[in-house]
Amino acid sequence: MPFGEIVVGSPGSGKSTYCHGKHQLLTALNRPISVVNLDPANDNIPYPCAIDIASLITLQNVMDTYGLGPNGGMLYCIEYLEENFDWLEEKLQALGKDAYVVFDLPGQVELSTNHESLKNIIKKLSKSGYRLAAVNLCDAHYVTDASKYIAVLMSSLRVMLHLELPHINVLSKMDLITQYGDLDFNLDFYTEVQDLSHLENSLSRSSPRYAALNMAICSLIEDFGLVGFETLAVEDKESMLHLMRAIDKATGYVFIPPPNAPAPSGTVETPDGAASTRPNALSLLSTAAGPMHGPRSDVRDVQERWIDAKEEYDTWENAQWMREGQLVQEQKARDKVRMRGGSTGDTTAQSGQGERPQNK
Ligand SMILES: Nc1nc2c(ncn2[C@@H]2O[C@H](COP(=O)(O)OP(=O)(O)OP(=O)(O)O)[C@@H](O)[C@H]2O)c(=O)[nH]1
Ligand SMILES: [Mg+2]
(Lines give C-alpha, C1' and ligand atoms only; values in the text may rest on other atoms or scores of the structure.)
(Ligands and ions follow the chains in the order given, each with its own letter.)
Protein backbone atom coordinates (compact mmCIF):
# COMPACT_ATOMS: atom_id res chain seq x y z
CA MET A 1 0.00 0.00 0.00
CA PRO A 2 1.56 3.34 -1.00
CA PHE A 3 1.93 6.05 1.62
CA GLY A 4 2.66 9.72 1.26
CA GLU A 5 2.54 13.33 2.32
CA ILE A 6 0.76 16.34 0.84
CA VAL A 7 3.07 19.26 1.65
CA VAL A 8 1.15 22.54 1.79
CA GLY A 9 1.79 25.96 3.32
CA SER A 10 2.02 29.63 2.51
CA PRO A 11 4.45 30.89 -0.17
CA GLY A 12 8.07 30.61 0.92
CA SER A 13 7.29 28.59 4.05
CA GLY A 14 9.90 26.01 3.01
CA LYS A 15 7.87 23.30 1.23
CA SER A 16 10.31 22.51 -1.58
CA THR A 17 13.29 22.71 0.78
CA TYR A 18 11.56 20.29 3.14
CA CYS A 19 10.84 17.87 0.24
CA HIS A 20 14.52 17.99 -0.65
CA GLY A 21 15.53 17.39 2.99
CA LYS A 22 13.09 14.50 3.27
CA HIS A 23 14.50 12.96 0.10
CA GLN A 24 18.02 13.13 1.53
CA LEU A 25 16.96 11.77 4.92
CA LEU A 26 14.93 8.80 3.67
CA THR A 27 17.57 7.93 1.07
CA ALA A 28 20.19 7.87 3.84
CA LEU A 29 17.89 5.60 5.89
CA ASN A 30 17.45 3.27 2.88
CA ARG A 31 13.74 3.99 2.90
CA PRO A 32 11.84 4.38 -0.37
CA ILE A 33 10.94 7.93 -1.39
CA SER A 34 9.72 9.64 -4.54
CA VAL A 35 9.08 13.36 -4.67
CA VAL A 36 6.36 14.63 -6.99
CA ASN A 37 6.36 18.28 -8.01
CA LEU A 38 2.80 19.57 -8.36
CA ASP A 39 3.82 23.23 -8.46
CA PRO A 40 3.61 24.34 -12.10
CA ALA A 41 5.61 27.47 -11.25
CA ASN A 42 8.52 25.56 -9.72
CA ASP A 43 11.43 26.39 -12.04
CA ASN A 44 14.29 25.44 -9.75
CA ILE A 45 13.43 22.06 -8.31
CA PRO A 46 16.05 21.26 -5.67
CA TYR A 47 15.28 17.52 -5.34
CA PRO A 48 15.40 14.60 -7.79
CA CYS A 49 11.88 14.71 -9.15
CA ALA A 50 10.04 11.43 -9.83
CA ILE A 51 7.05 13.14 -11.50
CA ASP A 52 6.87 16.76 -12.57
CA ILE A 53 3.61 18.54 -13.38
CA ALA A 54 5.62 20.61 -15.88
CA SER A 55 5.45 17.69 -18.30
CA LEU A 56 1.63 18.09 -18.22
CA ILE A 57 1.20 21.86 -17.90
CA THR A 58 3.22 24.94 -16.98
CA LEU A 59 2.06 28.18 -15.45
CA GLN A 60 3.80 30.30 -18.07
CA ASN A 61 2.01 28.51 -20.92
CA VAL A 62 -1.37 28.95 -19.27
CA MET A 63 -0.73 32.65 -18.62
CA ASP A 64 0.41 33.21 -22.23
CA THR A 65 -2.42 31.21 -23.79
CA TYR A 66 -5.35 32.47 -21.74
CA GLY A 67 -4.08 35.90 -20.67
CA LEU A 68 -4.41 34.96 -17.00
CA GLY A 69 -2.41 36.40 -14.09
CA PRO A 70 -0.23 34.16 -11.90
CA ASN A 71 -2.97 33.42 -9.38
CA GLY A 72 -5.71 32.60 -11.88
CA GLY A 73 -3.18 30.65 -13.94
CA MET A 74 -2.25 28.55 -10.92
CA LEU A 75 -5.88 27.69 -10.19
CA TYR A 76 -6.32 26.74 -13.86
CA CYS A 77 -3.29 24.41 -13.68
CA ILE A 78 -4.60 22.59 -10.61
CA GLU A 79 -8.06 22.26 -12.15
CA TYR A 80 -6.40 20.91 -15.28
CA LEU A 81 -4.52 18.37 -13.18
CA GLU A 82 -7.79 17.28 -11.58
CA GLU A 83 -9.34 16.84 -15.05
CA ASN A 84 -6.31 14.83 -16.16
CA PHE A 85 -5.89 12.75 -13.01
CA ASP A 86 -5.25 9.66 -15.20
CA TRP A 87 -1.92 11.21 -16.19
CA LEU A 88 -0.87 11.41 -12.53
CA GLU A 89 -2.32 8.02 -11.63
CA GLU A 90 -0.47 6.28 -14.44
CA LYS A 91 2.84 7.80 -13.42
CA LEU A 92 2.25 6.99 -9.75
CA GLN A 93 1.46 3.37 -10.59
CA ALA A 94 4.89 3.10 -12.20
CA LEU A 95 6.44 3.90 -8.78
CA GLY A 96 5.14 0.61 -7.39
CA LYS A 97 3.00 -0.47 -4.46
CA ASP A 98 5.65 0.21 -1.84
CA ALA A 99 6.21 3.79 -2.91
CA TYR A 100 6.42 6.58 -0.36
CA VAL A 101 5.43 9.71 -2.22
CA VAL A 102 5.92 13.30 -1.10
CA PHE A 103 3.82 15.83 -3.06
CA ASP A 104 5.27 19.34 -3.26
CA LEU A 105 2.43 21.83 -3.77
CA PRO A 106 2.24 25.48 -4.77
CA GLY A 107 2.06 28.15 -2.04
CA GLN A 108 -1.36 29.55 -3.08
CA VAL A 109 -3.22 29.33 0.21
CA GLU A 110 -6.70 29.02 -1.34
CA LEU A 111 -5.73 25.68 -2.87
CA SER A 112 -5.70 24.15 0.59
CA THR A 113 -8.32 26.31 2.29
CA ASN A 114 -11.31 26.65 -0.07
CA HIS A 115 -10.60 25.58 -3.66
CA GLU A 116 -12.03 22.15 -4.48
CA SER A 117 -9.50 20.73 -6.98
CA LEU A 118 -6.73 19.77 -4.55
CA LYS A 119 -9.30 18.21 -2.24
CA ASN A 120 -10.72 16.19 -5.15
CA ILE A 121 -7.24 15.06 -6.23
CA ILE A 122 -6.57 13.91 -2.67
CA LYS A 123 -9.88 12.01 -2.63
CA LYS A 124 -8.94 10.24 -5.85
CA LEU A 125 -5.50 9.36 -4.46
CA SER A 126 -7.08 7.95 -1.31
CA LYS A 127 -9.51 5.95 -3.46
CA SER A 128 -6.61 4.45 -5.38
CA GLY A 129 -5.11 3.21 -2.10
CA TYR A 130 -2.86 6.03 -0.90
CA ARG A 131 -2.54 6.58 2.85
CA LEU A 132 -1.75 10.28 3.08
CA ALA A 133 -1.05 12.93 5.69
CA ALA A 134 -1.18 16.67 5.15
CA VAL A 135 1.97 18.45 6.28
CA ASN A 136 1.20 22.14 6.64
CA LEU A 137 4.29 24.34 6.93
CA CYS A 138 4.00 27.74 8.65
CA ASP A 139 6.93 30.08 9.05
CA ALA A 140 7.98 30.04 12.73
CA HIS A 141 8.38 33.82 12.84
CA TYR A 142 4.57 34.08 13.10
CA VAL A 143 4.73 33.05 16.73
CA THR A 144 6.76 36.12 17.67
CA ASP A 145 3.67 38.32 17.21
CA ALA A 146 0.33 37.54 18.90
CA SER A 147 -1.92 38.69 16.04
CA LYS A 148 0.13 36.82 13.41
CA TYR A 149 0.01 33.75 15.63
CA ILE A 150 -3.80 33.95 15.76
CA ALA A 151 -3.87 34.31 11.96
CA VAL A 152 -1.71 31.21 11.54
CA LEU A 153 -3.91 29.25 13.96
CA MET A 154 -6.99 30.21 11.94
CA SER A 155 -5.47 29.33 8.59
CA SER A 156 -4.11 26.01 9.92
CA LEU A 157 -7.52 25.12 11.31
CA ARG A 158 -9.08 25.98 7.96
CA VAL A 159 -6.62 23.71 6.10
CA MET A 160 -7.33 20.88 8.54
CA LEU A 161 -11.08 21.18 8.08
CA HIS A 162 -10.80 21.51 4.30
CA LEU A 163 -8.40 18.70 3.42
CA GLU A 164 -9.82 16.19 5.93
CA LEU A 165 -6.57 14.22 6.17
CA PRO A 166 -4.46 13.13 9.12
CA HIS A 167 -2.78 16.44 9.67
CA ILE A 168 0.54 17.76 10.98
CA ASN A 169 1.08 21.51 11.34
CA VAL A 170 4.73 22.48 11.39
CA LEU A 171 6.51 25.65 12.48
CA SER A 172 9.28 25.75 9.88
CA LYS A 173 12.63 27.63 9.92
CA MET A 174 12.97 27.24 13.70
CA ASP A 175 16.67 28.04 13.36
CA LEU A 176 15.75 31.63 12.44
CA ILE A 177 13.19 32.27 15.19
CA THR A 178 15.48 34.31 17.46
CA GLN A 179 16.05 36.80 14.62
CA TYR A 180 12.49 38.04 14.98
CA GLY A 181 12.62 39.02 18.63
CA ASP A 182 11.83 37.41 21.96
CA LEU A 183 8.86 35.15 22.58
CA ASP A 184 6.39 36.28 25.25
CA PHE A 185 5.95 32.67 26.43
CA ASN A 186 7.86 29.41 26.27
CA LEU A 187 7.73 27.62 22.93
CA ASP A 188 5.38 24.92 24.24
CA PHE A 189 2.72 27.59 24.81
CA TYR A 190 2.63 28.11 21.04
CA THR A 191 3.15 24.53 19.85
CA GLU A 192 0.54 23.06 22.19
CA VAL A 193 -1.79 26.04 21.78
CA GLN A 194 -2.23 26.47 25.51
CA ASP A 195 -4.63 28.90 27.19
CA LEU A 196 -5.01 31.59 24.52
CA SER A 197 -6.58 34.06 26.95
CA HIS A 198 -2.99 34.86 27.95
CA LEU A 199 -2.61 36.60 24.59
CA GLU A 200 -5.27 39.16 25.51
CA ASN A 201 -2.80 41.85 26.62
CA SER A 202 -0.63 41.72 23.53
CA LEU A 203 -3.65 41.51 21.22
CA SER A 204 -5.30 44.54 22.82
CA ARG A 205 -2.02 46.45 22.55
CA SER A 206 -1.58 45.73 18.82
CA SER A 207 -5.22 46.17 17.77
CA PRO A 208 -7.29 47.67 20.62
CA ARG A 209 -10.39 48.15 18.41
CA TYR A 210 -10.66 44.46 17.71
CA ALA A 211 -9.68 43.10 21.11
CA ALA A 212 -13.10 41.50 21.68
CA LEU A 213 -13.18 39.99 18.18
CA ASN A 214 -9.67 38.61 18.66
CA MET A 215 -10.67 36.97 21.93
CA ALA A 216 -13.78 35.47 20.27
CA ILE A 217 -11.51 33.96 17.58
CA CYS A 218 -9.22 32.59 20.30
CA SER A 219 -12.10 30.84 22.03
CA LEU A 220 -13.31 29.43 18.70
CA ILE A 221 -9.89 27.90 18.10
CA GLU A 222 -9.83 26.54 21.64
CA ASP A 223 -13.31 25.05 21.20
CA PHE A 224 -12.11 22.99 18.24
CA GLY A 225 -8.99 21.92 20.20
CA LEU A 226 -7.48 20.58 16.99
CA VAL A 227 -4.55 22.81 16.23
CA GLY A 228 -1.04 22.01 17.48
CA PHE A 229 2.40 22.29 15.94
CA GLU A 230 5.54 20.27 15.43
CA THR A 231 8.75 22.19 14.75
CA LEU A 232 11.28 21.98 11.95
CA ALA A 233 14.76 23.24 11.14
CA VAL A 234 15.40 21.48 7.90
CA GLU A 235 19.20 21.30 8.21
CA ASP A 236 18.95 19.67 11.62
CA LYS A 237 18.91 15.88 11.33
CA GLU A 238 17.27 15.35 14.72
CA SER A 239 14.50 17.78 13.88
CA MET A 240 13.85 16.02 10.57
CA LEU A 241 13.87 12.61 12.27
CA HIS A 242 11.36 13.72 14.87
CA LEU A 243 9.03 15.12 12.22
CA MET A 244 9.41 11.93 10.19
CA ARG A 245 8.28 9.87 13.20
CA ALA A 246 5.31 12.19 13.82
CA ILE A 247 4.19 11.86 10.20
CA ASP A 248 4.69 8.08 10.18
CA LYS A 249 2.52 7.91 13.26
CA ALA A 250 -0.20 9.98 11.58
CA THR A 251 -0.31 7.81 8.47
CA GLY A 252 0.38 4.51 10.25
CA TYR A 253 3.48 3.88 8.17
CA VAL A 254 5.89 1.29 9.56
CA PHE A 255 9.02 0.67 7.58
CA ILE A 256 10.09 -2.96 7.53
CA PRO A 257 13.27 -3.41 5.50
CA PRO A 258 13.13 -6.01 2.71
CA PRO A 259 14.36 -9.51 3.77
CA ASN A 260 17.72 -9.24 2.02
CA ALA A 261 18.46 -5.68 3.16
CA PRO A 262 21.79 -5.23 4.97
CA ALA A 263 21.36 -4.89 8.74
CA PRO A 264 22.38 -1.53 10.24
CA SER A 265 25.98 -1.48 11.45
CA GLY A 266 26.29 -2.66 15.03
CA THR A 267 23.42 -5.17 14.74
CA VAL A 268 24.20 -8.32 16.77
CA GLU A 269 23.22 -11.54 15.00
CA THR A 270 21.93 -14.04 17.56
CA PRO A 271 19.92 -16.64 15.64
CA ASP A 272 20.19 -19.10 18.57
CA GLY A 273 19.62 -16.51 21.29
CA ALA A 274 16.50 -16.03 23.40
CA ALA A 275 13.41 -14.80 21.58
CA SER A 276 13.67 -11.49 23.39
CA THR A 277 17.08 -10.82 21.83
CA ARG A 278 16.17 -11.74 18.26
CA PRO A 279 15.05 -9.08 15.80
CA ASN A 280 11.28 -9.05 15.68
CA ALA A 281 9.63 -7.24 12.83
CA LEU A 282 6.28 -7.15 14.63
CA SER A 283 7.77 -5.28 17.56
CA LEU A 284 8.34 -2.44 15.11
CA LEU A 285 4.58 -1.92 15.09
CA SER A 286 4.33 -1.47 18.83
CA THR A 287 7.39 0.79 18.84
CA ALA A 288 5.88 2.89 16.07
CA ALA A 289 2.59 3.21 17.92
CA GLY A 290 4.25 4.00 21.26
CA PRO A 291 5.32 7.38 22.61
CA MET A 292 8.02 9.20 20.68
CA HIS A 293 11.46 9.36 22.25
CA GLY A 294 14.78 10.79 21.19
CA PRO A 295 16.36 14.20 20.81
CA ARG A 296 14.00 17.08 19.86
CA SER A 297 10.96 14.91 20.64
CA ASP A 298 10.25 17.22 23.57
CA VAL A 299 9.48 20.81 22.67
CA ARG A 300 11.63 21.96 25.61
CA ASP A 301 14.65 20.46 23.82
CA VAL A 302 13.69 22.45 20.74
CA GLN A 303 13.44 25.63 22.80
CA GLU A 304 16.89 24.97 24.27
CA ARG A 305 18.46 24.19 20.87
CA TRP A 306 17.09 27.16 18.92
CA ILE A 307 16.25 29.79 21.54
CA ASP A 308 17.86 29.46 24.99
CA ALA A 309 21.28 28.04 24.10
CA LYS A 310 21.43 28.54 20.32
CA GLU A 311 24.97 29.96 20.27
CA GLU A 312 26.46 27.21 22.44
CA TYR A 313 24.84 24.53 20.27
CA ASP A 314 25.93 26.24 17.03
CA THR A 315 29.53 26.37 18.27
CA TRP A 316 29.42 22.73 19.39
CA GLU A 317 27.95 21.54 16.08
CA ASN A 318 30.51 23.51 14.05
CA ALA A 319 33.28 21.84 16.06
CA GLN A 320 31.71 18.42 15.36
CA TRP A 321 31.54 19.10 11.62
CA MET A 322 35.17 20.30 11.56
CA ARG A 323 36.24 17.17 13.37
CA GLU A 324 34.28 14.90 11.02
CA GLY A 325 35.86 16.64 8.01
CA GLN A 326 39.30 16.21 9.55
CA LEU A 327 38.70 12.50 10.17
CA VAL A 328 37.59 11.99 6.55
CA GLN A 329 40.73 13.75 5.27
CA GLU A 330 42.92 11.61 7.52
CA GLN A 331 41.23 8.43 6.36
CA LYS A 332 41.81 9.44 2.73
CA ALA A 333 45.48 10.12 3.46
CA ARG A 334 45.85 6.70 5.14
CA ASP A 335 44.14 4.95 2.20
CA LYS A 336 46.52 6.68 -0.20
CA VAL A 337 49.58 5.54 1.76
CA ARG A 338 48.19 2.00 2.03
CA MET A 339 47.64 1.85 -1.73
CA ARG A 340 51.28 2.84 -2.24
CA GLY A 341 52.21 -0.01 0.12
CA GLY A 342 53.63 2.18 2.91
CA SER A 343 52.98 2.13 6.63
CA THR A 344 49.99 4.23 7.62
CA GLY A 345 51.14 5.06 11.15
CA ASP A 346 48.47 6.54 13.34
CA THR A 347 47.73 10.09 12.40
CA THR A 348 44.23 10.14 13.89
CA ALA A 349 43.30 13.56 15.17
CA GLN A 350 43.26 13.50 18.92
CA SER A 351 41.13 16.60 19.06
CA GLY A 352 38.53 16.07 21.76
CA GLN A 353 34.91 15.57 20.77
CA GLY A 354 33.85 18.46 22.94
CA GLU A 355 30.95 18.37 25.32
CA ARG A 356 27.42 18.62 24.00
CA PRO A 357 25.83 21.67 25.66
CA GLN A 358 24.13 20.64 28.88
CA ASN A 359 20.47 21.13 29.65
CA LYS A 360 20.02 24.38 31.43
N1 LIG B 1 17.08 29.00 7.67
C2 LIG B 1 16.18 28.21 7.07
N3 LIG B 1 15.77 28.51 5.83
C4 LIG B 1 14.87 27.70 5.24
C5 LIG B 1 14.35 26.54 5.88
N6 LIG B 1 13.47 25.96 5.05
C7 LIG B 1 13.44 26.72 3.93
N8 LIG B 1 14.29 27.76 4.04
C9 LIG B 1 14.51 28.83 3.04
O10 LIG B 1 13.29 29.48 2.75
C11 LIG B 1 13.25 29.91 1.40
C12 LIG B 1 11.97 29.42 0.74
O13 LIG B 1 12.02 28.00 0.70
P14 LIG B 1 11.21 27.16 -0.37
O15 LIG B 1 11.48 25.73 -0.05
O16 LIG B 1 11.46 27.61 -1.75
O17 LIG B 1 9.73 27.53 0.03
P18 LIG B 1 8.38 27.05 -0.67
O19 LIG B 1 7.37 26.92 0.41
O20 LIG B 1 8.63 25.86 -1.53
O21 LIG B 1 8.04 28.32 -1.57
P22 LIG B 1 6.93 28.40 -2.73
O23 LIG B 1 7.03 27.15 -3.54
O24 LIG B 1 7.32 29.62 -3.48
O25 LIG B 1 5.61 28.56 -2.06
C26 LIG B 1 14.51 29.37 0.74
O27 LIG B 1 15.46 30.41 0.68
C28 LIG B 1 14.97 28.28 1.69
O29 LIG B 1 16.37 28.13 1.68
C30 LIG B 1 14.83 26.24 7.22
O31 LIG B 1 14.42 25.27 7.90
N32 LIG B 1 15.74 27.11 7.74
MG1 LIG C 1 8.18 25.45 -3.58
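The values are calculated or read from the model by the stated rules, or taken from the named source; none is laboratory data. Just so it is clear, the model here is predicted, and its values are computed rather than measured. Here the Cβ positions follow ideal geometry from the backbone for every residue, glycine too, while neighbour counts run over all protein chains shown.
Residue count for segment 1-29, restricted to those that are within 10 Å of ligand 1 (Cβ to nearest atom) and crowded, with 16+ Cβ neighbours inside 10 Å: 13. Filtered by the rule that a residue be more than 10 Å from ligand 2 (Cβ to nearest atom), closer than 22 Å to residue 235 by Cβ and touching a strand residue (DSSP E or B) at 6+ places or on another chain (Cβ under 8 Å), segment 21-48 gives 22, 23, 26, 31, 33, 35, 47, 48. The residues in segment 130-139 that are touching a Phe, Trp or Tyr at 6+ places or on another chain (Cβ under 8 Å) and buried (at least 22 other Cβ atoms within 10 Å of the Cβ) can be counted, and the count is 3.
One residue stands out among those in segment 121-148 that are under 20 Å from the mean Cα position of the chain (by Cα) and assigned to a helix (DSSP H, G or I): the one that is nearest to residue 80 (Cα to Cα), which is 122.
Scanning segment 318-341 for residues that are of a type in the set (D, E, K, R) and either modelled with pLDDT under 90 or surrounded by fewer than 13 Cβ atoms within 10 Å (Cβ to Cβ) (or both) yields 324, 332, 335, 336, 338, 340. Against the list (1) under 18 Å from the mean Cα position of the chain (by Cα); (2) surrounded by fewer than 22 Cβ atoms within 10 Å (Cβ to Cβ); (3) away from ligand 1 (no atom under 16 Å from the Cβ), the condition residue 116 fails is (1).
A search for C-beta distances below 7 Å between a residue of segment 19-43 that is modelled with pLDDT of 95 or more and any residue that is surrounded by fewer than 19 Cβ atoms within 10 Å (Cβ to Cβ) and part of a strand (DSSP E or B), counting only pairs 6+ apart in sequence or on different chains, returns 34/50; 35/49; 35/50; 36/50; 37/49; 37/52. I want to confirm something. Restricting to segment 198-243 and keeping residues that are loosely packed, with under 13 Cβ neighbours inside 10 Å and of a type in the set (Asp, Glu), which single residue is nearest to the chain's Cα centre (by Cα)? Here the answer is 235. Of the residues in segment 30-40, at least one is near ligand 1 (Cβ under 8 Å from one of its atoms) and either surrounded by fewer than 19 Cβ atoms within 10 Å (Cβ to Cβ) or in the same structural domain as residue 93 (by TED's automatic domain parsing) (or both). Has segment 57-72 got any residue that is touching a residue at least 40 places away in the same chain (Cβ under 8 Å) and touching a Leu at 6+ places or on another chain (Cβ under 9 Å)? No, that holds for no residue.
Figure legend. Inter-residue proximity from segment 309-335: first residues on the phi < 0 side of the Ramachandran plot, second residues part of a helix (DSSP H, G or I) and of a type in the set (Ser, Thr, Tyr), beta-carbon distance below 7 Å, spacing 6+ or different chains. Indicated pairs: 310/178.
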